[in-house]
Amino acid sequence: MNQTTLLSKIESKDLRVVVLGMGYVGLPLAMVFAEAGFDVTGVDPITEKVAMLNRGESYIKDVPSDQVTRWVQAGTFRATTDFAAIRAADAVSICVPTPLRKTGDPDLSYIISATDELARYVHPGMVVVLESTTYPGTTREILLPKLQQAADLRIGENFFLAFSPERVDPGRKDWTTINTPKVIGGITPACTEIASAWYGQAVQTVVPVSSAEVAEMAKLLENTFRMINIGLVNELAIMCERLGVDVWEVIEAAATKPFGFMKFTPGPGLGGHCIPIDPLYLSWKLRSLNYTARFIELASEINTGMPRYVVGKVQDALNEHRKALKGSRVLVLGIAYKPDIDDLRESPALDVIGLLMQKGAEVSYHDPHIPHFKHDGFTLQSVKDLMVSVREADCVVIVTNHSAYDYKVILENAALIVDTRNALGAAGRDNPKVTRL
Ligand code: SAJ
């Protein structure tokens, strides 16, 4: 089967789609393809996930169960742990994790194992799109050779391979998989054309680019941009403290500029599964090319240093009240990596808590979205009665500013507060009980 046959299958929606990885990227994507009229099979190695999906149940907050039920009952979506489903597929999207190893190097094991499985079943007449965030060159250097060894595949003639970065922001309602523009870059122009035609049937806007590397790099720019600007305002907070200037007021003033400026705010560090990780894929790749990505490395150094900076603030605040950090009761408010979610991945709160414990503080936490957690060998439960714990604490540290908190009441009842998010606003400025970043 060649390009013409594939294009007609795409046009007629007869294309049989497989999505590898039923996570926060793959499941919404599978639903968007099903919505567009394609027959979709979700493949995931976790049997419980597969069983839930086949019962029409969703475990991803952005995907309502009735959406899964609709397509399961329509017979156009099912899930399986068996990669052999690829044998009958015409099109495959790979949506697997790309974390970092403990060493800080990229962990491509998920991409490699998915590609090895794919190579067992790939056949002429297929289009494959990698969505997982990775370093420029992965699609061409890792996927293409593995897949081409597998069968009589001629890239751009009877087999099409592209990269399209996922842009899923869990919990966001305004920009979702279907309406967020989708960048797509192929190994060859024909690959870009086929992948764009396929995705163009399902998402509102496709942005074809000239190569897989451009698409891989565009994603890294998106998230490196955020990481570096967050690092900039974190360093600005450190500089403003030395200057005796309120960094929050400075940022609010700068943000009145209606053009040429984008507001970021300082915080206790950088959490999440994207921003702290994706840029390190880029700096790692550049190191292999004997180039040091200094902006990324400097921003990463500043961002990863923020938890220690926050603990220093706690120490100084207690010291002002003739208390040692050692033995003091410190209550951490909010531990998710950003407000109003329950995701702990890479959360700086974990580093803040670990450092406070190392220095001998009696640490407790409260998070309305995270009742308990285990980290680095310790398990903590969210305190039962927030206000009792606020009153009992020698110092309260606002690490994640969930909107569920009544900051006015917390301010009234706390002896001391370190506010790392300007959650208290003006009430926290020039207040002897409050220390801000
Ligand atoms: N953070 C700051 N200051 C800021 C912004 C964020 O300290 O001004 C911290 C957050 O507290 C968090 C970390 O940085 O710990 C990352 O925050 P984020 O707002 O970037 O949220 P993420 O990690 O959920 O990023 C995702 C990204 N989406 C994808 O990669 C598909 C990012 O590109 C989005 O821009 C971002 O969501 C968003 O805008 O919500």
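Straight-line reach from residue 433: taking Cα to Cα under 20 Å and skipping same-chain neighbours fewer than 8 places apart, the lysines in range are 313, 323, 326, 408. Measuring r between the beta carbons of residue 102 and residue 4 and using R0 = 41 Å, the FRET efficiency lands at 0.25. Here the stretch 3-210 exposes an accessible surface that is 54 percent carbon and sulfur, computed with a 1.4 Å probe and the other protein chains kept in place. Here the spin labels are modelled as points 7 Å beyond Cα on the Cα-Cβ line, and at residue 218 and residue 87 they lie 3.7 nm apart. Restricting the stretch 367-423 to trypsin sites (Lys or Arg not before Pro) that sit in a DSSP loop and have at most 16 other Cβ atoms within 10 Å of their own Cβ leaves 384.
Averaged over residues, the count of other Cβ atoms within 10 Å places the peptides 56-63, 76-83, 7-14 in the sequence 76-83, 56-63, 7-14, highest first. Computed about its Cα centre, the charge dipole of the chain is approximately 480 debye, with only Lys, Arg, Asp and Glu carrying charge at their Cβ. Amide H contacts under 5 Å for residue 211: 186, restricted to partners 5 or more places along the chain or on a different chain, H placed in the peptide plane at 1.01 Å from N.
Taking every alpha-carbon pair within the chain, the share separated by more than 28 Å comes to 55 percent. Amide H of residue 58 versus every other amide H placed in the peptide plane: which residues, excluding those fewer than 5 positions away on the same chain, fall under 5 Å? Those lying under 5 Å, H to H, from residue 58 are 65. Per residue, the chain exposes an accessible area of 44 Å² to a 1.4 Å probe, with every protein chain left in place. The relative contact order of the chain comes to 10 percent, based on Cα pairs under 8 Å that sit 6 or more residues apart. Overall, the anisotropy analysis places the stretch 3-210 in the rounded class: the square-rooted eigenvalues a ≥ b ≥ c of its C-alpha gyration tensor yield a/c less than 1.5. Peptides 282-290, 304-312, ordered by how many other C-beta atoms sit within 10 Å of their residues on average, highest first, read 304-312, 282-290. Projected label points at residue 252 and residue 290, each 7 Å from Cα along the beta carbon direction, are separated by 5.2 nanometres.
Backbone geometry of the stretch 387-402 corresponds, through the Karplus equation with coefficients 6.51, -1.76 and 1.60 at θ = phi - 60°, to 3J(HN,Hα) couplings of 5, 4, 5, 4, 5, 7, 6, 6, 8, 9, 10, 7, 9, 10, 8, 4 Hz, x marking Gly and Pro. By the combined test of axial Cα extent (at least 18 Å) and Kyte-Doolittle hydropathy (mean at least 0.5), the qualifying DSSP H helices of the chain come to 212-243. Straight-line reach from residue 263: taking Cα to Cα under 22 Å and skipping same-chain neighbours fewer than 8 places apart, the lysines in range are 173, 219, 338. Counted over all Cα-Cα pairs of the stretch 226-436, pairs farther apart than 30 Å make up 22 percent. Each peptide in 317-328, 125-136 was scored by the mean count of other Cβ atoms within 10 Å over its residues; highest first, the order is 125-136, 317-328. In this structure, the amide hydrogen of residue 329, modeled 1.01 Å from its nitrogen in the peptide plane, lies closer than 5 angstrom to those of 362, 394, 395, counting only residues at least 5 positions away or on a different chain. Restricting the calculation to Cα atoms, the stretch 298-399 shows an Rg/Rh of 0.95 when the hydrodynamic-style radius is the Kirkwood one. With all protein chains in place and a 1.4 Å probe, the accessible surface of the stretch 226-436 carries 53 percent carbon and sulfur.
The values are calculated or read from the model by the stated rules, or taken from the named source; none is laboratory data. Everything numeric in this text was worked out from a predicted model, so none of it was measured. So basically every Cβ, Gly included, is an ideal-geometry build from the backbone, and we count neighbours across all protein chains shown. The accessibility values were calculated without ligands, DNA or RNA, using every heavy atom of the protein model including side chains. Shrake-Rupley method; radii C 1.70, N 1.55, O 1.52, S 1.80 Å.
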